[in-house]
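Q: I'd like to ask you about the structure that follows.
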Amino acid sequence: MSAALALKTPHDDVQPGAVVWACLDDLGPADVLRAAAQPYGGAPLITAGGIGAAFERLQHGASPRILVVGIQNAPDPVSGIRALAEKCGSLTRIIALGTVNDVALYRALRGAGAAEYVVLPTAADALGAAFDDAARNPPAATDDRESGTCTIAVTGALGGAGASTLAINAAWHLAAECGRRVALIDLDAQFGRAALSLDLDPSHGMREIFEHPERIDSLFIAGALVPARAGLWVLGGEEPLDTRVEVTAGAVDRLLDEITSTGEAIDTVILDVPRTVAAAAPDTLRRARAVAIVSELSLAGIRDTGRLCGRIAEACDDDAIRIIAGKVAERNRSEIDAAEFERGTGRRITGTLPWDLKNLSRAGREGKALAEIAASAPLARSIARLAEEVAGVQPTPSGPARLLDMVKHAIGKG
Ligand SMILES: Nc1ncnc2c1ncn2[C@@H]1O[C@H](COP(=O)(O)OP(=O)(O)OP(=O)(O)O)[C@@H](O)[C@H]1O
Ligand SMILES: [Mg+2]
């Protein structure tokens, strides 16, 4: 999505790190691979075990920029590559390695999501050429900044810090006051509160979205998005609690691709991301132009904001991260003060959500957005400012300022 996520090329500074992962059938081609991968970020992570090993490694969350995977021991290599491509998401380039020299297999692997297929045995320069081609070929799904969609992720460093409150009310503000066409996506398919807070029916099929992302299409999404008001649609589930719903980067990519291609011309997506998802699968946030992390001003908040920032920075530009202080009480009644929090985390607080139990309780009881009942309260105003800043909205002048603009325009000075 961003400079940090762009594939490295031989001309970039070589940095250590897992830019390239290789899960080979056996370690025979390891030396050739090391030589070929050298210009793409230093030593690759190499293991044996093929597609199965690649899945194992991807369980830990982040995906590499290039994944080289042996397919010769896989019973159904094409399905294996398709599943890997779904799991990794569209920003990872997969290079398959096998021994069968067959153009039909090559085409099938490409159709399943492989950027390249290299027949073994191979020389370092032939493999290097495959790396170059994979780097040059644009990924299937474009970065959201390039596609023009504004995706904003909100998560919490502590449970209950106010992340969903921010996500829901920011989405509302952007739709109601800024003319945006917004999809609010609650990635907590079981405990999410986006639909409940706005008194909407939960979306159907949220579990299906994450368990079978390949089945998501624009028709499915159009049925699952629930209209909340003009310009605002909500995707929020209430799935049964008996089994866990695993959120993967591949499913989120697919979801975002389909949401932005519905007939609703959605231009802004707010992702409400449970912190467990942000921590376990930071790649789910990689298409966001801004990632807001909400924390209370407390010692636990310092610890977990620091840890979460480190994890999220593995997948996103560090400067996309915004630290928001939540539930900030008047008269320094927080556990620690803002300056201490900033020293402890080494990060600047870029927004503050004032404590407002009274209006939030009323909004909750009535199933309304905060702005519908207390638009001028400090919390509603802070959320509006934050939403406009991260979404790049020029605030619309209101009242006397708007009148002044109109007069200036009328007399040709605007
Ligand atoms: N600024 C605030 N002032 C007072 N109460 C607040 C404030 N922000 C949120 N709350 C309340 O705290 C509770 C938790 O808020 P919210 O669901 O937004 O947090 P969260 O960070 O999304 O939590 P979770 O970890 O469950 O996802 C809600 O009852 C909400 O009304
Ligand atoms: Mg929440």
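The values are calculated or read from the model by the stated rules, or taken from the named source; none is laboratory data. Keep in mind it's a predicted model, so treat the numbers as computed, not measured. Glycine gets a Cβ as well: all are built from the backbone with ideal geometry, and neighbour counts include every protein chain shown. Side chains are part of the model used for accessible areas, which takes the heavy atoms of the whole protein and leaves out ligands, DNA and RNA. Shrake-Rupley method; radii C 1.70, N 1.55, O 1.52, S 1.80 Å.
Q: Any idea which residue in the stretch 172-186 is nearest to ligand 2 (Cβ to nearest atom), counting only those that are of a type outside the set (V, I, T) and within 12 Å of V269 (Cα to Cα)?
A: If we take residues in the stretch 172-186 being of a type outside the set (V, I, T) and within 12 Å of V269 (Cα to Cα), then D186 is nearest to ligand 2 (Cβ to nearest atom).
Q: Okay, moving on. Mind listing whichever residues of the stretch 297-333 are closer than 27 Å to A377 by Cα, touching a Leu at 6+ places or on another chain (Cβ under 7 Å) and either open to solvent by 30 Å² or more (accessible area, probe 1.4 Å) or in a helix (DSSP H, G or I) (or both)?
A: Hits for the stretch 297-333 are G301, K327, V328.
Q: Still on this structure, please answer the following. Restricting to the stretch 157-203, what's the tally of residues that are of a type in the set (D, E), open to solvent by less than 10 Å² (accessible area, probe 1.4 Å) and within 8 Å of ligand 1 (Cβ to nearest atom)? Quick ask: steps written out before the conclusion?
A: Filtering the stretch 157-203 for residues of a type in the set (D, E) gives 177, 186, 188, 199, 201.
Filter once more, so that each one left must be open to solvent by less than 10 Å² (accessible area, probe 1.4 Å): 186.
Add one more test, that the residue is within 8 Å of ligand 1 (Cβ to nearest atom), and what stays is none.
Number satisfying all stated conditions: 0.
Q: Just one of the numbered conditions (1) modelled with pLDDT under 90; (2) within 16 Å of ligand 2 (Cβ to nearest atom) is not true of G236; which one?
A: Of (1) modelled with pLDDT under 90; (2) within 16 Å of ligand 2 (Cβ to nearest atom), only one is false for G236: (1).
Q: Looking for something of a type in the set (S, T, Y) and modelled with pLDDT of 95 or more - is there at least one such residue anywhere in the stretch 381-399?
A: Yes.
Q: Determine if the stretch 217-230 includes at least one residue that is under 23 Å from A171 (Cα atoms), touching a Pro at 6+ places or on another chain (Cβ under 9 Å) and of a type outside the set (A, V, I, L, M).
A: Within the stretch 217-230, none of the residues are under 23 Å from A171 (Cα atoms), touching a Pro at 6+ places or on another chain (Cβ under 9 Å) and of a type outside the set (A, V, I, L, M).
Q: Can you name the residue in the stretch 54-76 that is within 22 Å of R215 (Cβ to Cβ) and in a helix (DSSP H, G or I) and, of all such residues, is modelled with the lowest pLDDT?
A: L58
Q: Is the stretch 103-114 home to any residue that is buried (at least 21 other Cβ atoms within 10 Å of the Cβ) and touching a Pro at 6+ places or on another chain (Cβ under 6 Å)?
A: no
Q: Among the residues of the stretch 270-300, write down those that are touching a Gly at 6+ places or on another chain (Cβ under 6 Å) and of a type in the set (A, V, I, L, M).
A: A280, A281, V294
Q: Ok, one more. Pull up the stretch 236-264, narrow it to residues that are open to solvent by 60 Å² or more (accessible area, probe 1.4 Å) and touching a residue at least 60 places away in the same chain (Cβ under 8 Å), then point me to the one that is farthest from R82 (Cα to Cα).
A: So the residue we want is E264.
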